[in-house]
Amino acid sequence: MYRFFESISILDGVPQNLYYHQLRIDHTFKQFYPKLDTPHLEYLISKNVQVRFPLVKCKFSYNETSHQFFCLAYNPKTYKKFHLIHDNQISYNYKYIDRMCFDQYLRTIPSDHQILIVKNDYLTDSSLSNLAFYDGYRWLTPIDPLLKGTMRASLIADWKIHEEAIQSKHLPLFKKFKLLNAMNPLDSTTEYSMDLIS
């Protein structure tokens, strides 16, 4: 049984943001398996993954002793509505395969809807993505997400998004928002109207 995973974008045969994926795996091993060697992601992909499509989502599942890859052509999903979920106890600070903390909410809404999680009055993440809100000048991302994503880290390092404490009461100040994850970079992912948030 695997406990953790990484979703890695492979674009035209080239794995994206491997530096940040490796950092997260290193951090996970340091916390949970400190006496074991960390898997070397670039080497494992080069030995185990063959891609046949321009854009591939490659899921790397792992535990302390074993791992597996599962790769599929990626087709982005869009959503029709977003629901604010207030949960002050929710926690997902490692990329666990067990996602019950999200699934309990997703089961209550249509499959083409998504949740935006508010913890202690501050925006955090959606169930699958970090968030970026546009104020007319800059793209801002919640300073304290549930999970610090690899795309988020890359965009912060490149000064394309900026961390900010965003409360739910601040949402009317923004013009639009995006969902960010390994498969959805800022420049090409779907823009959503703030009116879609209920």
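The values are calculated or read from the model by the stated rules, or taken from the named source; none is laboratory data. Just so we're clear, the structure is a prediction, and the values are computed from it rather than from any experiment. No Cβ is skipped: glycine too gets one built from the backbone with ideal geometry, and neighbour counts run over all protein chains shown. Surface accessibility is based on the protein's heavy atoms, side chains included, excluding ligands, DNA and RNA. Shrake-Rupley method; radii C 1.70, N 1.55, O 1.52, S 1.80 Å.
At-a-glance table
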{"read-out": "Matching option when the condition is touching a Pro at 6+ places or on another chain (Cβ under 8 Å), within 16 Å of L179 (Cβ to Cβ) and either open to solvent by less than 30 Å² (accessible area, probe 1.4 Å) or not in a strand (DSSP E or B) (or both), among L116, L131", "value": "L131"}
{"read-out": "Selection from the stretch 122-144 of residues that are charged (D, E, K, R) and over 26 Å from D112 (Cβ atoms)", "value": "D135, R138, D144"}
{"read-out": "Criterion: over 18 Å from K95 (Cβ atoms) and open to solvent by less than 90 Å² (accessible area, probe 1.4 Å) - qualifying residue of L23, L11, L44", "value": "L11"}
{"read-out": "Only one of W139, W159 that is under 28 Å from F5 (Cα atoms), hydrophobic (A, V, I, L, M, F, W, C) and open to solvent by 40 Å² or more (accessible area, probe 1.4 Å)", "value": "W159"}
{"read-out": "Positions within the stretch 52-62 being under 20 Å from N181 (Cα atoms) and either open to solvent by 40 Å² or more (accessible area, probe 1.4 Å) or under 17 Å from the mean Cα position of the chain (by Cα) (or both), in sequence order", "value": "F53, P54, L55, V56, K57, C58, K59, F60, S61"}
{"read-out": "Counted residues, the stretch 167-196 - those being open to solvent by less than 60 Å² (accessible area, probe 1.4 Å) and under 18 Å from the mean Cα position of the chain (by Cα)", "value": "13"}
{"read-out": "Enumeration of residues in the stretch 142-156 that are over 20 Å from Y19 (Cβ atoms) and either modelled with pLDDT under 95 or surrounded by fewer than 17 Cβ atoms within 10 Å (Cβ to Cβ) (or both)", "value": "I143, D144"}
{"read-out": "Test: residue in the stretch 16-34 that is more than 22 Å from the chain's Cα centre (by Cα), more than 17 Å from L72 (Cα to Cα) and in a loop (DSSP other than H, G, I, E, B)", "value": "yes"}
{"read-out": "Scope the stretch 67-98; condition open to solvent by 40 Å² or more (accessible area, probe 1.4 Å) and in a loop (DSSP other than H, G, I, E, B); matching residues", "value": "Y74, N75, P76, K77, T78, K80, N88, Q89, S91, N93, I97, D98"}
